[in-house]
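Working notes, structure below.
Every number here is computed from the coordinates shown, using simple stated rules; none is lab data. The model shown is predicted, which means the values in this text are computed figures rather than measured ones. When we count neighbours, we look across all protein chains shown, and the Cβ atoms used for this are built from the backbone with ideal geometry, even at glycine.
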Amino acid sequence: MKRLLRLLIASAAATAPLALCAAEAVPTASGSIAQMLFGLGIVLVLIYGALVVLRRLQHGNSAAKASLKVLSAASVGPRERVVMVAAGKNVLVLGVAPGRVNLLHRMDETELPAEDCHKEPSGQDFGARLKQMLERGRRDA
């Protein structure tokens, strides 16, 4: 009997500090929300920092990109295009297909036709052409 009493006293003495620690570690609702918001803030700051770094890395090559300019492009198939690119003083005619780009022709800037030939069509031209087509449709009907 004395042994059993000693064993109970020893086990109670050994588990008493654990019970006190467990009682102190009970989180409160406001503490949990604050901890969650703090973690969310850290994640958002890390994402923003990564975006800033990526943006700076992309703008680092802007000098090379500035010397390239797409003059015109034409679709020749469902996924194939012919693109005219100005690269410095050279103009390259490229065949672009999924997975590859082929040089079709190279010429100097001086060999290009006048500016009017590859001028972008304006919205007024489209409106006038649409009006003509609608009038033709009414006459035919």
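Give me the one-decimal nm value for the distance between modelled label points at Arg106 and Ala29, 7 Å along each residue's Cα-to-Cβ direction.
Taking the two extended label points, one gets 7.3 nm.
Run the numbers on segment 67-114 and let me know its relative contact order in percent, using alpha-carbon pairs under 8 Å that are six or more apart.
Reported as a whole number, the value is 27 percent.
What is the local net charge at Leu92, summed over the other residues whose Cβ is closer than 13 Å to its Cβ (Lys, Arg +1; Asp, Glu -1)?
For residues surrounding Leu92, the net value is 0.
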